[in-house]
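**Q** Here it is: the structure, laid out below.
The values are calculated or read from the model by the stated rules, or taken from the named source; none is laboratory data. Here the structure is a predicted model, which means the values were calculated and not measured. Here Cβ is always computed from backbone atoms with ideal geometry, including for glycine, and neighbour counts include all displayed protein chains. In case anyone asks, the SASA skips ligands and DNA or RNA and just uses the protein heavy atoms, side chains included. Shrake-Rupley method; radii C 1.70, N 1.55, O 1.52, S 1.80 Å.
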Amino acid sequence: MKRTRQPAEPYRIKSVEPIKLLPRHLREEKIIQANYNVFKLDAPDIYIDLLTDSGTSAMSIKQWAALMLGDESYAGSTSFRNFERVVKDIFRKEYVIPCHQGRAAEHLLFSVLDTKGKYVLNNTHFDTTKGNTQHKQGIPVDFPCAESMSAEPLPFKGNMDIEKFEQFVAEHGAGKIPLVLMTITNNSVGGQPVSMKNIKEVSEICYRNKLPFFIDSARFAENCFFIKKNEAGYAQKPIKEIAQELFKQCDGVLMSAKKDGLANIGGFLALNDEKLYQQLTELMVIIEGFPTYGGLAGRDMEILAVGLEEVLDYDYLDFRVDQVRYFGEKLIEKGMPIVEPTGGNAVFIDAGKFLPHIPAEQFPGQSLAVEFYREGGIRSAEIGSLMLGGIDPNTGENLMAARELVRLALPRRVYTNSHFDYVAEVADRIVSNKEHLKGYKIKRAPEILRHFTCDLQPAEAVMSPVG
Ligand code: F0G
């Protein structure tokens, strides 16, 4: 990718939030109290929080000003109209349904679609999309492209495997497929982007087979930036026009606006089908809120109306994507294998490769995530067999992830490059001590989305004798 590196952050800091590094002995205590699950740590006990880029953005002066303009009327607020106007403009859909976050939009959609015993196809389901499909007895099927697993730094590793997807559609028929989704960028394969060409191909197959096609758009602006940089024919096109062209290809949009909405909460559904819109708005009144606010306050919608425009700014995206690259290169220098090229929102370390002495059953990704906290007060997230594995509720099969990854997600506009230099120093210390890292086993776990709340213990721990 041609670099147009910004000299430094394209913003200056107006308001600061102190952070503190606890001494090592306290970090050791905290992670034991959290049962080795980083989701159970308290935020003040963390120095650099790279758990997620979701809902963690810093707002701009325009967004803080917009907050004060929030119209909190129950119905027909000005803030909803502002939000609706911006969403319609970018996402090119007739109807806009605000929701409190992405999974609420998923819950609504899966509640009205007939998914029981049927297939929901995706390039790769994110965990809540998979959870919502299974919750309604649907069967999530992923078609990541073959390149997604390649070590080559290819530009569009998030793509759908068109051949396998088309073959599945031909085998099972439209009656068994209530929904096709595309996740941009493709979070679960390393935050990798999807090309416009691939989206158009999927769209065309859906159109021919009369399959509803939705885009899971949480990181749509970052995806559009990669299209501009790396796909022929888009270099001169403004990001907004690329987004408009992209969303014309689909019937509907599922959005977690906690990412590329540059907001701390929010989401929406946008679609063209009037009948589906009626069904969704009838249901949302009892589970999410009146159709002109969903689960949001007026001020949240005002903030989103500004954030969705700001995120399309070229300088912002250029710095954002370059910061992820900068951080990734630092980790490689220190000897950590990462998914290459870096995507738009996170650096993914291949913990399976990094810790070959820990078997997948003992969660090498979790071992590394725990070590980042112990060594440097840094929080990251395992995206491997702890998150994606488990017992398949439909088949009873014990699933393992294709790769044991650890995601270090970059909150938007929050940390400077010197924070990432510090994380790289911690990585350096972990590299020199890697033989001593141990695996973990599950002590207790819920059935769905177990990684959020499960308790773990070191795999070789000897249980104290009873009595
Ligand atoms: N779709 C994708 C691709 C996501 O990454 C997420 C959330 C959701 C849907 C659900 O949205 O959180 O607003 O309910 N991803 C977060 C993450 C949690 O850390 O990657 P939500």
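**Q** Run through every distinct alpha carbon pair of segment 1-128 and return the Kirkwood hydrodynamic radius in angstroms, one decimal place.
**A** 20.1
**Q** Going toward the positive end of the dipole of the chain, with +1 on Lys and Arg Cβ and -1 on Asp and Glu Cβ, which of Ser385, Gln167, Tyr207 do you reach last?
**A** Selected residue: Ser385.
**Q** Let me ask another. Considering every pair of different Cα atoms, what Kirkwood radius, in Å, is found for segment 61-310?
**A** About 18.2 Å, per the Kirkwood formula over Cα pairs.
**Q** Then there is this: Suppose every Lys and Arg Cβ carries +1 and every Asp and Glu Cβ carries -1, with no other charges. What dipole size does the chain come out with about its Cα centre, to the nearest 20 debye?
**A** About 320 debye.
**Q** Also, I was wondering about something else. Work out the FRET efficiency for Gln236 and Val414 from their Cβ-Cβ distance, taking R0 = 30 Å, and round it to the nearest 0.05.
**A** 0.45
**Q** Compute, for segment 61-310, the length of the dipole vector about the Cα centre, with Cβ point charges of +1 (Lys, Arg) and -1 (Asp, Glu) only. Units Debye, rounded to 20.
**A** In debye, rounded to 20, segment 61-310 gives about 80.
**Q** Report the local net charge at Gly298: Lys and Arg +1, Asp and Glu -1, summed over other residues whose C-beta lies under 10 Å from its C-beta. Working shown, then result.
**A** Numbers: positive: Arg299; negative: Asp71, Glu72, Asp300, Glu302.
Net local charge, Gly298 excluded: -3.
**Q** Which ³J(HN,Hα) values in Hz, rounded to whole numbers, follow from the phi angles of segment 54-69 under the Karplus curve 6.51 cos²θ - 1.76 cosθ + 1.60, where θ = phi - 60° and Gly and Pro get x?
**A** Residue by residue, segment 54-69 yields 9, x, 10, 5, 8, 7, 8, 4, 5, 5, 5, 5, 5, 3, 5, 8 Hz.
**Q** In Å and on Cα atoms, what radius of gyration and Dmax does segment 166-212 show?
**A** Just the Cα atoms of segment 166-212 yield Rg and Dmax of 11.8, 32 Å.
**Q** Going 7 Å from the Cα of Asp42 toward and past its Cβ, which residues in segment 360-388 have a backbone nitrogen under 18 Å from where you end up?
**A** Residues 374, 377-379 fall inside that zone.
**Q** Dividing the convex hull volume of the Cα atoms of the chain by its residue count, what figure in Å³ per residue is obtained?
**A** Looking at the chain, the number lands at 154 Å³ per residue.
**Q** Next up: Leaving out ligands, DNA and RNA but keeping every protein chain, what accessible area does Met400 have, in Å² rounded to the nearest 10, with a 1.4 Å probe?
**A** Accessible area, nearest 10 Å²: 80 Å².
**Q** Something else now. How far is it, in nm, from the label point at Arg85 to the one at Met149 when both lie 7 Å from their Cα along the line to the Cβ?
**A** Taking the two extended label points, one gets 5.0 nm.
**Q** When the helices in the chain are scored as -39500 (n - 2.57) per DSSP H run of 4 or longer and the sum is shared across all residues, what 222 nm value do you end up with, to the nearest 500 deg cm²/dmol? Numbers along the way, then the final one.
**A** Details: 17 runs with 184 residues, N = 467.
After summing the helix terms and dividing by the residues of the chain, the value is -12000 deg cm²/dmol.
**Q** I want the local charge near Gln134. Using Cβ-Cβ distances under 14 Å, sum +1 for each Lys or Arg and -1 for each Asp or Glu among the other residues.
**A** 0
**Q** Mind checking the full-extension length gain between Glu397 and Tyr207? Use 0.36 nm per residue of separation minus the Cα-Cα distance, one decimal, nm.
**A** Result for the pair: 65.0 nm of gain on full extension.
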